[in-house]
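Heads up: the structure comes next, in structure tokens.
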Amino acid sequence: MITAAIVKELRDKTNAGMMDCKRVLTETNGDLEASIKLLRERGIAKAGAKADRAANEGVITARVNDNATSGIVLEINCETDFVSKNENFQAFVARIADTLAASSAADHAAALAVHMGEYTVDDSVKAKVVEVGENLQFRKYVRFDAAPGGVVASYIHLGGKVGVLIEMGTTHPATAGTETFRELIKDLTLHIAASAPKGLSRDDIPAALVDAEREIFRARLADSGKPDNIIENILKGQIGKFFAESCFLEQGFVKDPDITVAKLLEAKGKELGDTLTVTRFVRFGLGE
């Protein structure tokens with residue numbers, strides 16, 4: 001039986017994570033020394049010692065399958081720009097991305113558990129710490145599997161500093177093959193990268209964030225001397241502006257700010273004889 005006491009002892013001796021300690025103790029039938037050796041062989045013990053060092057550099061990368069029905073975006077961090085630009089590190093990130101794209105891992109926890117050869121992705125990242133000499137973190141991972149009629153696309157900006165994954169919906173299968181649609185979905189990923197919307201629509205903006213913005217605006221108006229009813233009307237206008245700047249569908253399109261993204265989708269839908277929708281998107285900014 002693997003007791004909590006021996007797990008703690010192994011953690012104290014190696015700085016490895018609790019789950020890693022449990023795993024190797026199970027593999028070694030509770031042999032402490034053998035477990036320490038195994039953790040060192042896998043690079044996990046030394047990785048633990050570096051785990052509290054800041055890792056804000058790195059690479060964001062994405063993969064989309066050939067028929068654009070599934071895609072992933074992930075971020076792996078290191079400590080320095082020097083390592084992030086190293087070909088060995090970039091090849092390691094690419095290998096992880098290819099492995100996860102070929103898997104069915106739906107979320108970050110599942111991605112960490114995917115095997116990449118003999119070891120899991122999680123163990124492989126920790127082992128790489130020993131080789132690189134810096135703290136590495138597999139920080140973020142998102143997978144989109146499109147609904148019927150849906151299309152997934154990605155965009156990587158600034159050499160891996162910003163990454164976008166988007167899913168769009170159509171009602172006619174032929175639409176996705178048109179040049180107009182392909183150009184549109186590319187433009188929308190560029191827009192997301194540049195404009196960093198906080199959500200798809202107003203429903204996606206957390207109420208706490210809206211309340212915080214309202215209180216900031218209210219504080220600015222506190223000494224204005226204006227009547228309460230006027231202040232409330234001004235607040236409504238300020239919150240409306242906040243939503244217009246924060247919600248993807250309400251933002252002015254980056255290539256033509258006079259038209260909102262929602263109006264752009266409507267216009268392109270009419271041009272294609274289809275109804276186009278953006279189902280979801282995610283934007284990663286390095287170290288955010």
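FYI, it's all coordinate maths here, none of it is from the lab. Quantities reported herein were computed from a predicted structural model and do not represent experimental measurements. Backbone-built Cβ (ideal geometry, glycine too); neighbour counts: all protein chains shown.
From the square roots a ≥ b ≥ c of the eigenvalues of the alpha-carbon gyration tensor of segment 144-205, which class results: rounded (a/c under 1.5), prolate (a/b over b/c), or oblate? Judged from the Cα gyration tensor, segment 144-205 comes out oblate (a/c at least 1.5, b/c at or above a/b). Derived scalar couplings between HN and Hα for segment 279-284 equal 6, 6, 7, 9, 10, 9 Hz in order, rounded to whole Hz, by the Karplus curve 6.51 cos²θ - 1.76 cosθ + 1.60 (θ = phi - 60°), x for Gly and Pro. Counting Lys +1, Arg +1, Asp -1, Glu -1, what net charge surrounds Lys140 among other residues with beta carbon under 15 Å of its beta carbon? Net charge in that neighbourhood comes out at 0. Quick one: net charge around Gly163, please, counting Lys, Arg +1 and Asp, Glu -1 for every other residue with C-beta under 10 Å from its C-beta. So the surrounding residues net to +2. Remark: segment 194-207, residue by residue, has Karplus-estimated 3J(HN,Hα) of 7, 9, 6, x, 8, x, 5, 9, 4, 5, 8, 8, x, 4 Hz, where x stands for each Gly or Pro and the curve is 6.51 cos²θ - 1.76 cosθ + 1.60 at θ = phi - 60°. Computed from backbone phi with θ = phi - 60° and the Karplus coefficients 6.51, -1.76 and 1.60, the 3J(HN,Hα) list for segment 228-233 is 4, 5, 5, 4, 5, 5 Hz; x is used for glycine and proline. Pairs from the list Lys22/Lys198; Lys126/Lys161; Lys37/Lys85; Lys85/Lys140; Lys22/Lys128 with a Cα-Cα gap above 30 Å: Lys22/Lys198; Lys37/Lys85.
Using the alpha-carbon positions of the chain, Rg (one decimal) and Dmax (whole number) come out as 23.8, 75 Å. Met18 sits among other residues whose Cβ lies under 11 Å from its own Cβ, and their net charge, with Lys and Arg +1 and Asp and Glu -1, is +3.
The gain in end-to-end length when the Asn233 to Ile216 segment is fully stretched comes to 4.6 nm, 0.36 nm per residue minus the alpha carbon separation.
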